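Input: a single structure, listed below in structure tokens.
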Amino acid sequence: MCPLYLIPKSDHLILEAYQDFILSRKASLLSPKTIEFYEYTVGEFIEWLSSQGLTEPEDITSFHVRAHITGISERGVSTSTVHAHARGTRAFLRLLNEEGYISTSINVKMPRVEQKQMRALSPEELKQILKVCKKPRDKVLMLFLVDTGLRRSEAYSLKWLDVVIPTGVVNVRRTKSKKARSVFIGVKTRRALLR
């Protein structure tokens, strides 16, 4: 994003609205990754608006939103990337309306996302992965991740006390949604952890 002093004075209203939006996300205590997502997606929208000569939030129309989203999809990116940009833009436009930057709400029709099924490892694939694990620690980590399905960041934030070996319960306190949950590990993984 271009520093404020390099933006022409006439473009400051949209830039100020953008800065207000980012502050509102930070004030909502969203994670740094989520803030980064909004800075990127909404930042691109702001740059696109500026390239179209739009200087005030009130000048934004549904046409501009559709043109921007279409431009992103024409880059050949995935449908989930296009959807992410639409999500960021929609959140920005909602704030503009709620805070009085624009007088009427702008509806953002969300693009469809191609549904991809997550591929699970076959038993043979898991055996191959475990064979190449040189250290017992690596093998345990693989078994643990396969059993629990945790995200890397969730597994990384675990403490030994979060794992209840007798029952196999793993208490996950730091999650993406900030809601603690419990997952389970099997007997083989528990025995490997104890070793």
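The values are calculated or read from the model by the stated rules, or taken from the named source; none is laboratory data. In this text the structure is predicted, and so the values were computed from the model without any measurement. All Cβ positions, glycine included, derive from the backbone under ideal geometry; neighbour counts span all protein chains shown.
One table, with the values for the structure above:
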{"item": "Residues (part of a loop (DSSP other than H, G, I, E, B), of a type outside the set (A, V, I, L, M, F, W, C) and over 17 Å from SER31 (Cβ atoms)) located in segment 156-195", "result": "LYS159, PRO166, THR167, GLY168, GLY186, ARG195"}
{"item": "Top-ranked residue in segment 110-133 [being modelled with pLDDT of 90 or more and in a loop (DSSP other than H, G, I, E, B); ranked as surrounded by the fewest Cβ atoms within 10 Å (Cβ to Cβ)]", "result": "MET110"}
{"item": "Flag for SER153 being polar (S, T, N, Q), in a helix (DSSP H, G or I) and either outside the structural domain of ASP59 (by TED's automatic domain parsing) or in contact with a strand residue (DSSP E or B) (Cβ under 8 Å, 6 or more places away or on another chain) (or both)", "result": "yes"}
{"item": "Whichever residue in segment 70-107 is over 15 Å from the mean Cα position of the chain (by Cα) and of a type in the set (Val, Ile, Thr) and, among such residues, is farthest from GLU36 (Cα to Cα)", "result": "THR104"}
{"item": "Search result, residues across segment 147-195 that are surrounded by 15 or more Cβ atoms within 10 Å (Cβ to Cβ) and in contact (Cβ under 8 Å) with a residue 40 or more places away in the chain", "result": "ASP147, ILE185, THR189, ALA192, LEU193"}
